[in-house]
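**Student:** To start, I am sharing the structure in question, which I have written as structure tokens.
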Amino acid sequence: MDTIRQYLPPLGYRIKKTVVAVALCLVIYMVRGYRGMPLQSVIAAVICMLPQVSETRQSAYNRVLGTIIGAAWGLLFLLIFERIAPFFGGAMPIYTAMHEKPATAFSAFYCVLILLIAVGTGIALYTMVLIRQPDSASLAAVVFVCVVVPYPDIEAPLVQTANRIIDTLVGTLVAIGVNSFTLPRDKDDHTLFFLRTADLVPDRIGAIPSRVLVMLNRFFDDGARISLISEHGPAFFMSQMGSTKVNTPLIMMDGAALYDKAEQRYLEVIAIPHRDADIMFHLFRDMGLSFTVHTIHGNSYFIYREGERNEAEQALYEIMKRSPYRHYAEGLYYEEDQVVFFKFSDTEERIRRLEAKLGPHMERYHLRLVVRPQAGFPGVFSLYIYDESATIDNMKKALLARMKDDEPLNVVELHREKGPWNERKAVDLLVRLKNIYEPVCLPFMKKRNSQRHTNEN
């Protein structure tokens, strides 16, 4: 069952809401006494049902505008048809002539009618281009065709046009209504949530899935306080998750830095003392090791290269150097640089041996070692050396100290399910966050939600 769930994505809110919107459009068609074209209402509802309510409203505006333009041209052409039809002895609908009286289908009137419909379609398209609304051009053409093709099997040109406009308005209004509807919820404005970027993206190379991005941005748009924690620097975040609308500083580099994405600056940095960093640098150089020194100069991120790159390091370098947010240099770092960490990359066996070899030196200089595999690079491991106080817990405290509220903030850190990463687990994580941040507040559920929030903390 777990394997099936892994390959079958869960039903999203957009799918569920679209199903409801389609049903409502058909019900309204019945209530209207089966007047109009329900297909047009349904199409409008499906197209307008977008992930964000604001996007739905914009799409609805575009559809209504395109509908009005297409319908207006349709009305004009219907009036033209009525004027010229008597000269051809009247006419039956095109589709009727095609099926019931093929011999008359290509009479002079139908040739003129087809020509006018084709020309009118082009005029409707061009009108949208003239008013700088090209995204609605195809819709205007579709509405125009829907208005004029049934001629002369219509009640009256004005009624025909009004029905097509009403059909579209029904679909767009239903889409907006369904997409805007939510159960009454309480928003938790006094909780700071922590999420790991490793729980939201597959690895340090793959981009954040669009569905996860949309859900995450909804929280940020709504004012939820979410601090993302990453083992990498801002370069990783900007390349993979730069489109997120974060409103809270990020904890980066395993807790060594606190970064404000909006202002693109470091708020806090826990660096290795310069004297100790110099000692480590020359020690590693004398040992003949290949490594990189990761530093912050002002608000820029620099990586200094020392020694000959091994195969694993070269593979990482070829990918990492593509980012405009990383600056590589050769040789010794500058006195003004803050040394955040040293990094070694190689096979797991060699990295483990290096860890054991460097351990005694780290204790003497109050440094800490972190070893982990490089996601996206099979068989490659990296060893990081930080100041011992550069931890995620310490940076959380620094962030909380900066967030001055009248009331103390609750702190909740959420993790995805264990096991290999997949999009479903990332989505489930954000659903759990939503249930805490914005629980349904129906009277009979308030006590239960309160208890669940307490348990989660």
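The values are calculated or read from the model by the stated rules, or taken from the named source; none is laboratory data. Being a predicted model, the structure only gives us computed values, none of them experimental. Cβ coordinates were reconstructed from backbone atoms using ideal geometry, including for glycine residues, and neighbour counts include every protein chain displayed. Surface areas here come from the heavy atoms of the whole protein model, side chains and all, with no ligands, DNA or RNA. Shrake-Rupley method; radii C 1.70, N 1.55, O 1.52, S 1.80 Å.
**Student:** Looking at the stretch 132-170, which of the residues that are within 30 Å of the chain's Cα centre (by Cα) and of a type in the set (A, V, I, L, M) is surrounded by the most Cβ atoms within 10 Å (Cβ to Cβ)?
**Tutor:** Step one: list which residues in the stretch 132-170 are within 30 Å of the chain's Cα centre (by Cα), which gives 132-140, 168-170.
In the following step, the residues that additionally are of a type in the set (A, V, I, L, M) were identified as 137, 139-140, 169-170.
Values: A137: 20, L139: 24, A140: 31, L169: 17, V170: 22.
The selected residue is A140.
**Student:** Are any residues in the stretch 345-362 loosely packed, with under 14 Cβ neighbours inside 10 Å and aliphatic (A, V, I, L, M), and if so, which ones?
**Tutor:** A356, the sole residue that qualifies.
**Student:** Could you look through the stretch 313-335, keep only residues that are without any contact (Cβ under 8 Å) to a residue 24 or more places away in the chain and either crowded, with 20+ Cβ neighbours inside 10 Å or under 31 Å from the mean Cα position of the chain (by Cα) (or both), and pick out the one that is farthest from A375 (Cα to Cα)? Walk me through it before giving the result.
**Tutor:** Pass one, the stretch 313-335, residues without any contact (Cβ under 8 Å) to a residue 24 or more places away in the chain: 314, 317-318, 321-322, 324.
Pick out the ones that are also either crowded, with 20+ Cβ neighbours inside 10 Å or under 31 Å from the mean Cα position of the chain (by Cα) (or both) and you get 317-318, 321-322, 324.
Details: Y317: 14, E318: 15, K321: 17, R322: 17, P324: 21 Å.
Only one residue fits best here, namely P324.
**Student:** Might you let me know whether the stretch 171-190 holds any residue that is surrounded by 18 or more Cβ atoms within 10 Å (Cβ to Cβ) and of a type in the set (S, T, N, Q)?
**Tutor:** The answer is yes; a qualifying residue exists.
**Student:** Filter the stretch 200-210 down to the residues that are in contact (Cβ under 8 Å) with a residue 40 or more places away in the chain and either farther than 18 Å from E417 by Cβ or open to solvent by 40 Å² or more (accessible area, probe 1.4 Å) (or both) and list them by number. Quick ask: steps written out before the conclusion?
**Tutor:** The first filter runs over the stretch 200-210 and keeps only residues in contact (Cβ under 8 Å) with a residue 40 or more places away in the chain, leaving 200-206, 209.
Of everything in the stretch 200-210, those that are in contact (Cβ under 8 Å) with a residue 40 or more places away in the chain and either farther than 18 Å from E417 by Cβ or open to solvent by 40 Å² or more (accessible area, probe 1.4 Å) (or both) turn out to be P202, D203, R204, I205, G206.
**Student:** Another question about this same structure. Six or more apart or on different chains, Cβ atoms under 9 Å: show the pairs whose first residue is in the stretch 211-230 and in contact (Cβ under 8 Å) with a residue 12 or more places away in the chain and part of a helix (DSSP H, G or I) and whose second is among the hydroxyl-bearing types (S, T, Y) and surrounded by 18 or more Cβ atoms within 10 Å (Cβ to Cβ).
**Tutor:** Note: pairs meeting the criteria are L213/T244; L216/T244; N217/T244; F219/Y437; F220/T244; F220/T248.
**Student:** I'd like the residue in the stretch 378-393 that is of a type outside the set (G, A, S) and over 15 Å from E231 (Cβ atoms) and, out of all such residues, is surrounded by the most Cβ atoms within 10 Å (Cβ to Cβ). Spell out the reasoning first.
**Tutor:** First, the residues of the stretch 378-393 that are of a type outside the set (G, A, S): 378, 380-381, 383-388, 391-393.
Now narrow it down to the ones that are over 15 Å from E231 (Cβ atoms): 378, 387-388.
On the way: P378: 8, D387: 22, E388: 15.
Taking the candidates together, the pick is D387.
**Student:** Here's a follow-up. With respect to V22, determine if the residue is within 26 Å of the chain's Cα centre (by Cα), surrounded by 20 or more Cβ atoms within 10 Å (Cβ to Cβ) and modelled with pLDDT of 75 or more.
**Tutor:** Values: within 26 Å of the chain's Cα centre (by Cα): yes; surrounded by 20 or more Cβ atoms within 10 Å (Cβ to Cβ): yes; modelled with pLDDT of 75 or more: yes.
It is true that V22 is within 26 Å of the chain's Cα centre (by Cα), surrounded by 20 or more Cβ atoms within 10 Å (Cβ to Cβ) and modelled with pLDDT of 75 or more.
**Student:** A further question on this structure: Can you name the helices (runs of 4 or more DSSP H) wholly within the stretch 83-201 that have at least 3 residues being of a type in the set (A, V, I, L, M) and modelled with pLDDT of 80 or more?
**Tutor:** Details: elements: 94-100, 108-130, 137-148, 157-180.
The qualifying helices (runs of 4 or more DSSP H) are 108-130, 137-148, 157-180.
**Student:** Is it true that K397 is surrounded by fewer than 14 Cβ atoms within 10 Å (Cβ to Cβ), modelled with pLDDT under 85 and of a type in the set (D, E, K, R)?
**Tutor:** Numbers: surrounded by fewer than 14 Cβ atoms within 10 Å (Cβ to Cβ): yes; modelled with pLDDT under 85: no; of a type in the set (D, E, K, R): yes.
The answer is no for K397.
**Student:** Could you pull out the residue among R309, R285 that is touching a residue at least 12 places away in the same chain (Cβ under 8 Å), closer than 15 Å to K343 by Cα, assigned to a helix (DSSP H, G or I) and open to solvent by 50 Å² or more (accessible area, probe 1.4 Å)?
**Tutor:** Numbers: R309 fails: assigned to a helix (DSSP H, G or I).
Exactly one residue qualifies, and that residue is R285.
**Student:** I've got another one for you. Consider only pairs whose beta carbons are under 6 Å apart and that are at least six residues apart or on different chains; among these, list those whose first residue lies in the stretch 1-29 and is among the aromatic types (F, W, Y) and whose second residue is open to solvent by less than 80 Å² (accessible area, probe 1.4 Å) and at pLDDT 65 or above.
**Tutor:** So the pair list comes out as Y29/P38.
**Student:** Scan the stretch 266-282 for residues that are surrounded by 14 or more Cβ atoms within 10 Å (Cβ to Cβ) and either within 19 Å of S345 (Cα to Cα) or of a type in the set (A, V, I, L, M, F, W, C) (or both) and jot them down.
**Tutor:** Within the stretch 266-282, L267, V269, I270, A271, I272, A277, I279, M280, F281 qualify.
Okay, residues lined up against (1) aliphatic (A, V, I, L, M); (2) on the phi < 0 side of the Ramachandran plot; (3) touching a residue at least 24 places away in the same chain (Cβ under 8 Å); (4) crowded, with 17+ Cβ neighbours inside 10 Å:
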site	(1), (2), (3), (4)
D337	no, yes, yes, yes
K343	no, yes, yes, yes
R364	no, yes, no, no
R372	no, yes, yes, no
G376	no, no, yes, no
V427	yes, yes, yes, yes
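**Student:** For the list (1) more than 25 Å from K404 (Cα to Cα); (2) part of a helix (DSSP H, G or I), I need the number of the one condition that D254 fails.
**Tutor:** Among (1) more than 25 Å from K404 (Cα to Cα); (2) part of a helix (DSSP H, G or I), the lone unmet condition for D254 is (1).
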